[in-house]
Amino acid sequence: MSSLNTPIEAVTMALYLALTAPTDETSHMVTEMAQQIADSAGLSEQEIDTAKALALAEFELELSNETNGS
(Lines give C-alpha, C1' and ligand atoms only; values in the text may rest on other atoms or scores of the structure.)
Protein backbone atom coordinates (compact mmCIF):
# COMPACT_ATOMS: atom_id res chain seq x y z
CA MET A 1 0.00 0.00 0.00
CA SER A 2 1.78 3.11 -1.15
CA SER A 3 -0.86 5.73 -1.95
CA LEU A 4 -4.28 6.23 -0.46
CA ASN A 5 -6.88 7.03 -3.09
CA THR A 6 -10.08 6.03 -1.32
CA PRO A 7 -11.47 6.06 2.21
CA ILE A 8 -11.37 2.24 2.23
CA GLU A 9 -7.64 2.36 1.49
CA ALA A 10 -7.13 4.92 4.28
CA VAL A 11 -9.07 2.79 6.78
CA THR A 12 -7.19 -0.31 5.64
CA MET A 13 -3.85 1.42 6.18
CA ALA A 14 -4.89 2.70 9.61
CA LEU A 15 -6.02 -0.77 10.66
CA TYR A 16 -2.78 -2.30 9.39
CA LEU A 17 -0.85 0.28 11.41
CA ALA A 18 -2.95 -0.60 14.44
CA LEU A 19 -2.03 -4.27 14.01
CA THR A 20 1.67 -3.44 13.79
CA ALA A 21 1.77 -0.69 16.42
CA PRO A 22 4.53 -1.05 19.02
CA THR A 23 2.20 -0.44 21.97
CA ASP A 24 -1.42 -1.06 22.88
CA GLU A 25 -1.86 2.67 23.39
CA THR A 26 -0.68 3.45 19.86
CA SER A 27 -2.80 0.64 18.44
CA HIS A 28 -5.87 2.01 20.20
CA MET A 29 -5.16 5.54 18.96
CA VAL A 30 -4.80 4.41 15.35
CA THR A 31 -7.91 2.24 15.59
CA GLU A 32 -9.84 5.33 16.70
CA MET A 33 -8.44 7.20 13.69
CA ALA A 34 -9.63 4.42 11.40
CA GLN A 35 -13.12 4.71 12.90
CA GLN A 36 -13.11 8.48 12.45
CA ILE A 37 -12.09 8.10 8.80
CA ALA A 38 -14.80 5.51 8.23
CA ASP A 39 -17.42 7.66 9.92
CA SER A 40 -16.49 10.85 8.07
CA ALA A 41 -16.48 9.01 4.74
CA GLY A 42 -19.81 7.36 5.48
CA LEU A 43 -18.47 3.86 4.92
CA SER A 44 -20.94 1.01 5.31
CA GLU A 45 -20.35 -1.92 7.65
CA GLN A 46 -19.57 -4.02 4.57
CA GLU A 47 -16.91 -1.53 3.44
CA ILE A 48 -15.41 -1.45 6.93
CA ASP A 49 -15.37 -5.26 7.00
CA THR A 50 -13.58 -5.21 3.64
CA ALA A 51 -10.96 -2.84 5.04
CA LYS A 52 -10.52 -5.09 8.09
CA ALA A 53 -10.05 -8.15 5.87
CA LEU A 54 -7.54 -6.36 3.65
CA ALA A 55 -5.54 -5.09 6.65
CA LEU A 56 -5.45 -8.55 8.19
CA ALA A 57 -4.41 -10.15 4.89
CA GLU A 58 -1.58 -7.63 4.51
CA PHE A 59 -0.49 -8.28 8.12
CA GLU A 60 -0.54 -12.06 7.62
CA LEU A 61 1.42 -11.71 4.38
CA GLU A 62 4.04 -9.63 6.18
CA LEU A 63 4.30 -12.26 8.93
CA SER A 64 4.59 -15.01 6.36
CA ASN A 65 7.36 -13.17 4.55
CA GLU A 66 9.25 -12.65 7.82
CA THR A 67 8.86 -16.31 8.74
CA ASN A 68 10.05 -17.48 5.32
CA GLY A 69 12.99 -15.09 5.30
CA SER A 70 11.69 -12.98 2.43
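Rounded to the nearest 20 debye, what is the charge dipole size of the chain about its Cα centre when +1 sits on each Lys and Arg Cβ and -1 on each Asp and Glu Cβ?
120
Let me check something: with ligands and nucleic acids excluded, how do S27, S44 order by accessible area (1.4 Å probe), largest to smallest?
Largest accessible area first, the list is S44, S27.
Kirkwood hydrodynamic radius for the chain: how many Å is it when counted over pairs of different Cα atoms?
Averaging 1/r across every pair of different Cα atoms and inverting gives 12.4 Å.
Using a 1.4 Å probe and ignoring any ligands, DNA or RNA, find the accessible area of L56 and quote it in Å² to the nearest 10.
80
Tell me what the chain gives for mean residue ellipticity at 222 nm when only DSSP H runs of n ≥ 4 count, each as -39,500 (n - 2.57), the sum divided by the residue total, rounded to 500 deg cm²/dmol.
After summing the helix terms and dividing by residue count, I get -26500 deg cm²/dmol.
Could you go through the stretch 21-28 in sequence order and give the Karplus-derived ³J(HN,Hα) for each residue, using 6.51 cos²θ - 1.76 cosθ + 1.60 with θ = phi - 60°, rounded to whole Hz, and x for Gly and Pro?
Along the stretch 21-28, the couplings run 4, x, 9, 4, 4, 5, 4, 4 Hz.
Output ³J(HN,Hα) for the stretch 49-55: one whole-Hz value per residue in order, computed from phi by the Karplus curve 6.51 cos²θ - 1.76 cosθ + 1.60 with θ = phi - 60°, and x for Gly and Pro.
For the stretch 49-55, the Karplus curve yields 4, 4, 4, 4, 5, 5, 5 Hz.
The values are calculated or read from the model by the stated rules, or taken from the named source; none is laboratory data. This is a predicted model, so every value here is computed, not measured. All Cβ positions, glycine included, derive from the backbone under ideal geometry; neighbour counts span all protein chains shown. To get the accessible areas, we keep the full protein, side chains included, count just its heavy atoms, and leave off ligands, DNA and RNA. Shrake-Rupley method; radii C 1.70, N 1.55, O 1.52, S 1.80 Å.
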